[in-house]
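Participant: Sharing a structure with you now.
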Amino acid sequence: MFIGVYNLANFVTLLGLASALVACFAAASGALLLAVCMFLLSGLCDMFDGRIARGAGSRTRKEKVFGIQIDTVCDMVSFGVAPAVIAYFSGFSRWHDVAAYIVYAACAAIRLAYFNTQAIEETPDLNMKAFTGVPVPFSCLVMPVLMIARALIPSFIATTIIYDLVFVAVGIAFILNVKIKKLNIVQSVILIAAELACVVAMFLVY
């Protein structure tokens, strides 16, 4: 009845998209802590949807390609757009801030499109063993730190400079021609623990 491929992994991917949208709406409403928490939830979804897909047994090439495509589309919203929206509604909305967000989003789009190209053209089984460029979900580590800096640094001008420089730097990192191995389960657990620590720190400083 409907086009598309429907399985648990893709539903987790869509849950990440929904979480990112809620993060944007929360930021627009002034609920910045909720926004960052929902943003981090989208990062958790992205961390596990691929593992779920690979552990689900045999899949056709069409199912694999669809999984790659929907993951990329959702990642662009979750990690290419949502961080910029959260930062914008955090008070950093001047022309130079917007320029930094545009650079960031453009680099995220290039990074994601390149990943798809590599997966389809260079890997027979569509299973990437390593990333080229920093993966876009890296922003899940960046946003909580920026929010903490926003609360602790008294100078708005200094914080604005930090936000702009970090967004541009992270964007450039997305498109660097460097190889980065995928996280194993232990590294994933450490990353989750770091994100939880950042969440606790955010609630302590706000």
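What follows draws every value from the coordinates through simple rules; no lab data is involved. Please read these numbers as outputs of a predicted model, since none were measured by experiment. Counting neighbours? That spans all protein chains shown, and the Cβs are built from the backbone with ideal geometry, glycine included.
Participant: If you build a Gaussian network model of the chain, linking Cα atoms that sit under 10 Å apart, which residue out of L17, L44, L191 swings the most?
Facilitator: L191
Participant: Still on this structure, I have one more. Once the Cα atoms of helix 8-28 and of the chain are each reduced to a long axis, what angle between those two axes, in degrees from 0 to 90 to the nearest 10, is obtained?
Facilitator: 20 degrees
Participant: Run the quick spin-label model on I190 and L14: label points 7 Å from Cα toward the beta carbon, then report their separation in nm to one decimal.
Facilitator: Between I190 and L14, the simple spin-label model gives 3.5 nm.
Participant: Around M47, with a cut-off of 12 angstrom between Cβ atoms, what is the net charge of the other residues, counting Lys and Arg +1 and Asp and Glu -1? Can you show the working numbers first?
Facilitator: Values: positive: R51, K182; negative: D46, D49, D71, D75, E195.
Net local charge, M47 excluded: -3.
Participant: Right, next: Kirkwood hydrodynamic radius of region 67-152 from all distinct Cα pairs, in Å? Write out the running numbers ahead of the final one.
Facilitator: Working: mean 1/r = 0.0711 Å⁻¹.
After inverting the pairwise mean of 1/r, the radius is 14.1 Å.
Participant: For a quick protection proxy, order the peptides 5-14, 48-57 by their average other-Cβ count within 10 Å, most packed first. Intermediate values should be presented prior to the final figure.
Facilitator: Working: 5-14: 17.1, 48-57: 15.1.
Order by mean packing, descending: 5-14, 48-57.
Participant: Can I ask one more? Arrange the peptides 100-111, 74-85, 170-181 so that the one whose residues have, on average, the most other Cβ atoms within 10 Å appears first. Mind dumping the intermediate values first?
Facilitator: Values: 100-111: 20.3, 74-85: 24.2, 170-181: 15.4.
With the highest mean Cβ count within 10 Å placed first, the list reads 74-85, 100-111, 170-181.
Participant: Under 15 Å from a point placed 7 Å out from the Cα of E121 along the Cα-to-Cβ direction: which residues of region 87-112 have their backbone N that close?
Facilitator: So the set is 110-112.
Participant: How many angstrom separate the Cα center of region 151-206 from the Cα center of region 55-124?
Facilitator: 17 Å
Participant: Using a 7 Å offset from the Cα along the Cα-to-Cβ direction at both N177 and V205, what is the distance between the two label points in nm, to one decimal?
Facilitator: 3.7 nm
Participant: With everything on Cα atoms, drop me the angle between helix 61-75 and the longest principal axis of the chain, reported from 0 to 90° to the nearest 10.
Facilitator: Tilt relative to the chain: about 10 degrees.
Participant: Now for a different question. What dipole magnitude, in Debye to the nearest 20, does the chain give about its Cα centre under +1 on Lys/Arg Cβ and -1 on Asp/Glu Cβ?
Facilitator: Numbers: 13 positive and 11 negative charges, 70 e Å.
I would put it at about 340 debye.
Participant: Further question: Please give the contour-minus-distance gain from R94 to L165: 0.36 nm per residue of separation, less the Cα-Cα distance, rounded to one decimal in nm. Write down the numbers at each step before the final one.
Facilitator: Working: separation 71, 0.36 × 71 = 25.56 nm, distance 1.40 nm.
Net length gain for the segment: 24.2 nm.
Participant: Right, here's the next one. Quick one: helix 32-54 against the long Cα principal axis of the chain, what's the angle to the nearest 10°, folded into 0 to 90?
Facilitator: Roughly 20 degrees between the two axes.
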